[in-house]
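Scroll down for the structure; my scribbles are underneath it.
Just so it is clear, none of the values below were taken in a lab; they were calculated from the coordinates. If you're wondering where the values come from, they're calculated on a predicted model, not measured in any experiment. Cβ sites come from the backbone with ideal geometry, for glycine too, and all protein chains shown count toward neighbours.
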Amino acid sequence: MEFGLSHKKFNAKRRGSLVSTITGVLEHLSSLYANIGEDREKNGIWSLREKTPTCPTCNGTGTVLGDIDSSRMVATELSLKKGAVLLWAGTNCGPVVKIRELAIMIGIDFERPLVEQDKQFTDILLYGYDKEPVTYVYKKREHKNDYRGCVYDLKYMRDAGTISKGNLWAIKLFSRHEMCPNCTESLLEQERLVMGNSLSDVLRMPISESLLVVQKLRNCLDKQVLDNYCELINDLELRLSYQNKIGLKSLSAFDVRVLVNDTH
């Protein structure tokens with residue numbers, strides 16, 4: 001059975017972008033919840049579920065994208081070297097080089113977790129620094145301009161109408177997810193459950209807890225479902241384990257609170 005996974009299998013030795021690892025978790029969890037659930041009519045026996053009508057606005061998720069959520073964009077438990085700015089984590093693009101030079105300018109240690117350093121620097125990473133321009137070299141060319149912040153960078157991508165798949169995933173990851181205005185209560189009541197948890201429940205959990213949920217799936221699914229989804233579950237577990245290992249375990253999924261219905 002094919003489930004249209006767009007990401008290669010996770011390899012801990014060749015991890016690639018942290019954002020890619022995170023988006024893989026999102027895709028895998030979404031795929032699981034789209035196809036399996038707790039069949040109440042069969043007294044809790046696990047099985048493949050029949051498709052139910054979905055809202056055309058939100059495609060049955062119950063949520064729509066809201067504004068950029070800056071609280072999801074920087075993981076202060078990490079150092080800049082380890083990818084604290086999640087928008088650029090795992091890459092060496094121009095913004096990363098620029099941030100490295102900015103850190104040197106204002107006395108931030110690139111290798112120490114941000115939580116152990118000046119808290120104002122986190123705001124600078126998010127919203128920019130305009131006291132003086134940053135000089136940096138990228139692709140053998142010297143650049144000199146203000147650092148505008150990762151919130152500005154993401155809003156620019158969104159407002160410019162980006163069609164890049166990577167940029168669109170980043171916008172989805174780091175935006176608030178609000179209740180769909182066109183969903184009826186009856187549709188929302190049909191949200192699928194896995195081990196008694198909805199998709200939004202799992203995404204609200206700290207990574208350490210969502211990892212436990214995934215690890216328990218093998219003992220809960222019937223043989224047909226397990227055979228179909230074993231490879232996906234294995235890859236999902238590897239991705240969550242990696243995020244847990246590098247210090248994101250206290251955050252909820254995807255910066256790790258992506259696709260959560262904000263109550264604000």
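At what distance in nm do the modelled label points of GLU142 and ASP159 sit from each other, each positioned 7 Å from its Cα along Cα→Cβ?
3.1 nm
List PHE121, PHE174 from most exposed to least, where exposure is judged by having the fewest other Cβ atoms within 10 Å.
Taking fewest neighbouring Cβ atoms as first place, the list is PHE121, PHE174.
Lysine pairs in the range 70-173 with Cα distance under 18 Å, only those 8 or more apart or on different chains: how many are there?
12
Pull out a ≥ b ≥ c, the square roots of the eigenvalues of the alpha-carbon gyration tensor of the range 70-173, then state rounded if a/c is under 1.5, prolate if not and a/b is larger than b/c, and oblate in the remaining case.
Working: a/c = 1.61, a/b = 1.20, b/c = 1.34.
Here the range 70-173 falls in the oblate category.
For ASP69, which sequence-distant residues (separation of 5 or more, or a different chain) have an amide H within less than 5 Å of its own amide H, given hydrogens modelled in the peptide plane?
SER175, ARG176
Evaluate E = 1/(1 + (r/R0)^6) for PHE110 and GLU209, where r is the Cβ-Cβ distance and R0 equals 35 Å; express this FRET efficiency to the nearest 0.05.
Working from the Cβ atoms, E equals 0.70.
Could you put ASP235, ASP123 in order, starting from the residue whose Cβ has the fewest other Cβ atoms within 10 Å? Walk me through the numbers on the way to the answer.
Details: ASP235 20, ASP123 14.
Least to most surrounded, the residues fall as ASP123, ASP235.
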